[in-house]
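First comes the structure, then the notes that go with it.
The values are calculated or read from the model by the stated rules, or taken from the named source; none is laboratory data. These numbers come from a predicted model, not from an experiment. Positions of Cβ are generated from backbone atoms using ideal geometry, with glycine treated the same way; all protein chains shown enter the neighbour counts.
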């Protein structure tokens, strides 16, 4: 059932990508605004519904597989940051940053909560219990020691220099390591290693015991893919509309994508070794190139004798932009909230799972 669920989620993501695929066909491979309708009519005229269904399934599954993988990296990329003045500007809502923030707050809340029973003598509340066979106990302790107050998790702006002394801020008093993008990324990697161990331990309990957690996981995949597809559709619609109405807006957006893409690519290429492909950088630079092409091709022509390729005008196209923007924001917020719920539910389930044997032993 799990494999069928994942396949179903991928097909949904692929189906949600079809609108911007049709936009690409219309904008890049056609001089006629009715080309998309002609392709659909050709499929109908073949009178082979079974073959058309197989081809559509293969297309949506393949497209969904690619989009799901790119969207996962796009919403969990740590290469997009900028050092300016005494601050570090970074994306505070990625999968890793959300997980690290939830994980950090979970153990901090557990330690500050009033215990129902007095703790054993000589027990330090900041120490993680050494569970038998738990290979992440040392990583958990290091994660807590590095950032006990959760000051550097889930933040968009992080102060890296003391404005009074003009010196770099250490990660903790007396430490020889300083707050920067690489240190924050290492903290998120520690949280990811611990979380993956806990996730595996919880999911091994079986389908019935983890049904709600699996539902959250499926929702994350669909919402993340929907947000990514909406971003592509919104960008193409905005480029198309601005080429006819407000070219400056389209050029500003394309150069913004270029700035983000080259900034993230420079950070990605500086990593040694390269552990993953630059999916986010590739997406941003492709959107930049697409914007330049659309703005140049569909701009009104002033010379006579040249064909004018006008995009459809009127309220309908403006409505498409608003719809794509709404779906992008709604899907992104939905993914964000579901990611938090998934992490909280899994961490709570793991804590209950590991504490239950201890309670049974006391009885």
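A few notes on this one:
- Here the condition is being over 29 Å from residue 104 (Cα atoms) and either modelled with pLDDT under 95 or in the same structural domain as residue 107 (by TED's automatic domain parsing) (or both); of 300, 273, it holds for 300 alone.
Residues checked against (1) surrounded by fewer than 19 Cβ atoms within 10 Å (Cβ to Cβ); (2) under 18 Å from the mean Cα position of the chain (by Cα):
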| position | (1), (2) |
| --- | --- |
| 198 | no, no |
| 201 | yes, no |
| 225 | no, yes |
| 257 | no, yes |
| 271 | yes, no |
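- Contact annotation: no residue pair with Cβ atoms under 7 Å, 6 or more positions apart or on different chains, pairs a residue in the stretch 276-288 that is under 16 Å from residue 253 (Cα atoms) and in the same structural domain as residue 228 (by TED's automatic domain parsing) with a partner that is in a loop (DSSP other than H, G, I, E, B) and at pLDDT 95 or above.
Listed here are the residues, each with its yes/no results for (1) in contact with a helix residue (DSSP H, G or I) (Cβ under 8 Å, 6 or more places away or on another chain); (2) over 24 Å from residue 91 (Cβ atoms).
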| position | (1), (2) |
| --- | --- |
| 150 | yes, no |
| 168 | no, no |
| 171 | yes, no |
| 191 | yes, no |
| 194 | yes, no |
| 202 | yes, yes |
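- Residue list for the stretch 206-219, filter: out of contact with any helix residue (DSSP H, G or I) (no Cβ under 6 Å at 6 or more places or on another chain), in a loop (DSSP other than H, G, I, E, B) and surrounded by 13 or more Cβ atoms within 10 Å (Cβ to Cβ): 209
- Matching residues in the stretch 304-327 - criterion: being under 18 Å from residue 247 (Cα atoms) and modelled with pLDDT under 55: 308, 309, 310, 311, 312, 313, 314, 315
- Residues located in the stretch 61-86, provided they are at pLDDT 90 or above and in contact with a strand residue (DSSP E or B) (Cβ under 8 Å, 6 or more places away or on another chain): 80, 81, 82
- Within the stretch 11-37, residues that are at positive phi reach no partner that is modelled with pLDDT under 85 and assigned to a helix (DSSP H, G or I) with beta carbons closer than 8 Å at six or more positions or on different chains.
- Residue in the stretch 139-146 that is closer than 30 Å to residue 93 by Cα, under 28 Å from the mean Cα position of the chain (by Cα), outside any helix (DSSP H, G or I) and at pLDDT 50 or above present: no
- Residue-level analysis places residue 330 among those that are at pLDDT 90 or above and either outside the structural domain of residue 154 (by TED's automatic domain parsing) or closer than 26 Å to residue 70 by Cα (or both).
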